[in-house]
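The values are calculated or read from the model by the stated rules, or taken from the named source; none is laboratory data. Model, not experiment: these values are computed from the prediction. Positions of Cβ are backbone-derived with ideal geometry, glycine not excepted, and every protein chain shown enters the neighbour counts. SASA here: full protein model, heavy atoms, side chains in, ligands and nucleic acids out. Shrake-Rupley method; radii C 1.70, N 1.55, O 1.52, S 1.80 Å.
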Amino acid sequence: MCGIVGYLGRKNTKKILLNGLKELEYRGYDSAGIAVLSHGEFSSFKAVGKLVNLEAKTKGFVTNKFAIGIGHTRWATHGKPTELNAHPHAGHNSYVVHNGIIENYAQLKKELLHEGVVFLSQTDSEVIVHQFEKNLQYSTNAFKAFKKTISEIKGAYAILLITKSEDKKIFFAKNGSPMLVGINEENEKYFASSDTPLIGQCSEVNYFEDGDYGYITPNELIIYDKNANKREPHFTKLSTNKLSAQKDGYRFFMEKEIYEQSSVIIDTLLGRLSEDRIIFDELDKNFFDGINEIKLCACGTSYHSALTASYMFERYSKIKTSVEVASEFRYRSPIMSKNMLFVVISQSGETADTLETLKMAKKAGLKTLAICNVDNSSMVRIADTFILTRAGIEKGVASTKAFATQVTVFWMLSLQVAQIKKSLSSKEIQKQIKYLRAIPASVHVEDALHEKIKRLSKRYLNGHGFFFIGRDIFFPLALEGALKLKEISYLHAEGYPSGEMKHGPIALADPELFTIALLPQHLLYEKAKSNVEELSARDSTICAISPLEFDKADDFIQTKEHGHYMLEFFEMMVVVQLLSLEISIRLGNDVDMPRNLAKSVTVE
Ligand code: G6P
């Protein structure tokens with residue numbers, strides 16, 4: 001994910017910005033840049049790849065007097081990771097850095113192009129600086145122009161902007177993307193998109209609220225809130241522990257990533273939904289022409305999201321879909337017909353088995369698509385087309401937010417194909433778009449829910465195994481729940497279709513067998529319920545997850561009522577993730593780095 005830093009003061013601005021960016025490296029990035037304004041003169045440097053490349057470029061650049069500066073590490077979303085697309089973006093007399101996504105950038109860019117503005121990058125962010133300079137022509141001062149610019153952009157952002165017309169001010173705005181400002185006794189001001197660059201530099205920090213905007217000078221910090229009312233900063237003491245700052249106070253990265261799902265799904269949806277249509281700018285208009293079959297290939301958690309996709313592609317898009325574990329597909333002489341769209345799914349984009357299947361499909365002349373979280377990864381480079389899931393860097397080996405964003409992309413994609421093939425009415429698509437917009441709320445972790453799971457987890461530390469069971473699209477979720485548990489708790493767990501238990505596994509049922517039952521209200525509730533009753537009658541210990549009261553269970557986790565089963569899916573996904581997390585913590589395991597596992601498996 002992108003990172004932002006800013007500095008106003010008399011010390012070595014270049015070094016401070018570069019050190020700040022280094023502290024944000026853990027978030028992942030593919031290019032970086034800085035811009036410094038000192039004595040009315042701008043100096044700007046950008047480089048693709050690691051920060052050492054940027055350091056090398058700035059070698060002869062000296063900053064030893066008062067200056068203002070901004071810096072950025074970029075994780076590509078709009079446009080490739082090139083130097084031109086790296087931030088800061090320049091206008092004639094100003095520079096900007098931006099995290100987030102400007103949803104209405106295409107419209108603003110069109111108008112600016114019409115007025116003769118020249119764009120150098122493919123990014124959405126560049127419109128901010130040009131729009132600001134346009135407004136500056138008609139404003140009495142830079143702050144008025146900045147304020148107008150902020151009122152004209154829509155989407156998520158953390159923005160820092162510097163301009164020659166006011167060379168002792170840094171302008172800022174925040175909405176949906178994190179940003180804070182820190183101060184110290186030496187009258188310096190530091191900005192950053194997370195705590196870590198500020199630790200050791202600042203004694204106190206102010207976290208901006210959504211809708212905040214304003215500016216700093218050597219002597220002032222002026223903040224306006226979303227209603228344009230001036231407000232006082234709320235300074236708090238800054239922690240001194242960097243690792244815990246990276247974890248934002250969570251015990252493990254996995255926990256942080258479970259909590260982040262709501263905000264990363266907002267990023268996944270941004271710019272891809274209108275009132276009645278799904279928009280994937282990445283896919284050209286004719287992408288699905290001639291396609292009558294979809295093949296999905298992946299490993300691990302990504303394989304489970306591929307399975308969920310197969311239910312949606314067949315149900316909504318009415319297109320024949322099959323899913324294969326990549327390591328199996330490679331060696332079994334698969335039939336690949338020309339009308340087949342070949343889709344690989346991968347968080348990292350580097351998993352060797354999945355990558356190999358992509359190469360096989362290319363060789364066979366199939367149209368290929370990669371659903372991936374890492375831009376410029378091998379799969380993204382090789383596939384004909386790619387869709388980025390925008391989950392941000394995932395540090396926990398056990399995947400959580402990457403899975404959540406993959407399923408979100410597949411729900412959208414299956415509706416887009418339905419829209420093209422007219423297999424769903426436009427009314428139904430409109431209805432589902434409303435539900436898509438409700439995913440972020442459905443994965444929001446409520447304190448009471450987490451507390452309940454924490455308490456209940458102590459009963460599930462022994463026994464001779466777990467069955468996670470579900471029907472239909474809740475079967476892949478059961479598989480994913482079982483995989484999460486085994487990965488981090490080292491307990492034996494299996495995912496099973498509820499209706500299949502009676503064909504063998506029910507023989508294992510006794511009080512030491514734990515069944516985690518997914519019982520959504522809006523999909524085959526009665527059928528799934530009687531499967532669970534069969535297990536209950538054989539005295540299996542049951543933990544039921546459902547919005548509807550269920551008295552045959554030993555434990556019951558009540559989820560909220562939702563209008564659509566996919567929203568139940570997302571909430572139950574959070575429940576099984578938290579359950580695995582809490583069991584694993586109680587067992588004293590290293591949740592983020594489980595034994596024998598690697599985050600990215602680049603060997604066969
Ligand atoms: C490894 C990880 C899993 C992951 C799988 C596929 O086995 O431990 O968590 O699901 O690789 O990774 P990918 O990056 O292709 O999604």
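At a glance:
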read-out: Test result for ASP375, of a type outside the set (Val, Ile, Thr) and in a helix (DSSP H, G or I); value: no
read-out: Near pairs, Cβ below 6 angstrom, 6+ apart or cross-chain, from the range 462-488 (open to solvent by 10 Å² or more (accessible area, probe 1.4 Å)) to any residue that is within 16 Å of the ligand (Cβ to nearest atom); value: LEU479/HIS304; LEU479/GLY495; LYS486/ALA493; GLU487/ALA398; GLU487/PRO594
read-out: Check on SER399, among the hydroxyl-bearing types (Ser, Thr, Tyr), open to solvent by less than 10 Å² (accessible area, probe 1.4 Å), in the same structural domain as TYR303 (by TED's automatic domain parsing) and not in a strand (DSSP E or B); value: no
read-out: Condition check for LYS362: at pLDDT 95 or above and away from the ligand (no atom under 13 Å from the Cβ); value: yes
read-out: Checking TRP75 against (1) surrounded by fewer than 22 Cβ atoms within 10 Å (Cβ to Cβ); (2) in contact with a Pro (Cβ under 9 Å, 6 or more places away or on another chain), the condition it does not meet; value: (1)
read-out: Residue pairs meeting the criteria (Cβ under 6 Å; at least 6 apart or on separate chains; first of a type in the set (Val, Ile, Thr), in the range 294-314; second part of a helix (DSSP H, G or I)); value: ILE294/PHE313; THR301/PHE403; THR308/VAL407; THR308/PRO476
read-out: Residue pairs meeting the criteria (Cβ under 9 Å; at least 6 apart or on separate chains; first in the same structural domain as ARG74 (by TED's automatic domain parsing), in the range 38-64; second open to solvent by 40 Å² or more (accessible area, probe 1.4 Å) and polar (S, T, N, Q)); value: PHE42/ASN93; ALA47/ASN53; VAL48/THR82; VAL62/ASN12; THR63/ASN12; ASN64/ASN12
read-out: Sole exception among (1) touching a Ser or Thr at 6+ places or on another chain (Cβ under 7 Å); (2) closer than 19 Å to LYS147 by Cα; (3) open to solvent by less than 10 Å² (accessible area, probe 1.4 Å) for LYS168, by number; value: (3)
read-out: Some residue of the range 568-586 being among the basic types (Lys, Arg) and outside any loop (DSSP other than H, G, I, E, B); value: yes
read-out: Subset of the range 324-377 [among the polar types (S, T, N, Q) and either in contact (Cβ under 8 Å) with a residue 60 or more places away in the chain or buried (at least 17 other Cβ atoms within 10 Å of the Cβ) (or both)]; value: SER327, SER346, GLN347, SER348, THR351, THR354, THR357, THR368, ASN373, ASN376, SER377
read-out: Residue, surrounded by the most Cβ atoms within 10 Å (Cβ to Cβ), within the range 208-240, restricted to residues that are under 25 Å from the mean Cα position of the chain (by Cα) and among the acidic types (Asp, Glu); value: ASP212
read-out: Checking TYR316 against (1) buried (at least 22 other Cβ atoms within 10 Å of the Cβ); (2) within 27 Å of LYS484 (Cα to Cα), the condition it does not meet; value: (2)
read-out: Any hit, the range 196-207, residues being open to solvent by 50 Å² or more (accessible area, probe 1.4 Å) and closer than 18 Å to LEU37 by Cα; value: no
read-out: Every residue from the range 378-407 that is among the polar types (S, T, N, Q) and either at positive phi or within 9 Å of the ligand (Cβ to nearest atom) (or both); value: SER399, GLN406
read-out: Any hit, the range 200-209, residues being more than 24 Å from ALA67 (Cα to Cα) and in contact (Cβ under 8 Å) with a residue 12 or more places away in the chain; value: yes
read-out: Unique match (being within 24 Å of GLU25 (Cβ to Cβ), modelled with pLDDT of 95 or more and in contact with a helix residue (DSSP H, G or I) (Cβ under 7 Å, 6 or more places away or on another chain)) among TYR190, TYR213; value: TYR190
read-out: Tally of residues being within 14 Å of the ligand (Cβ to nearest atom), touching a helix residue (DSSP H, G or I) at 6+ places or on another chain (Cβ under 9 Å) and hydroxyl-bearing (Ser, Thr, Tyr) across the range 575-604; value: 2
read-out: Qualifying residue in the range 99-111 (condition: open to solvent by 20 Å² or more (accessible area, probe 1.4 Å), over 26 Å from PHE280 (Cβ atoms), in the same structural domain as TYR207 (by TED's automatic domain parsing) and free of Cβ contacts under 8 Å to residues at least 60 places away in the same chain); value: no
read-out: Residues of the range 378-393 that turn out to be out of contact with any strand residue (DSSP E or B) (no Cβ under 7 Å at 6 or more places or on another chain) and either open to solvent by less than 10 Å² (accessible area, probe 1.4 Å) or over 23 Å from VAL574 (Cβ atoms) (or both), as a count; value: 5
read-out: Residues of the range 529-580 classified as over 24 Å from LYS434 (Cα atoms) and over 26 Å from the mean Cα position of the chain (by Cα), total; value: 25
read-out: Matching residues in the range 491-521 - criterion: being at pLDDT 95 or above and surrounded by fewer than 17 Cβ atoms within 10 Å (Cβ to Cβ); value: HIS492, GLN521
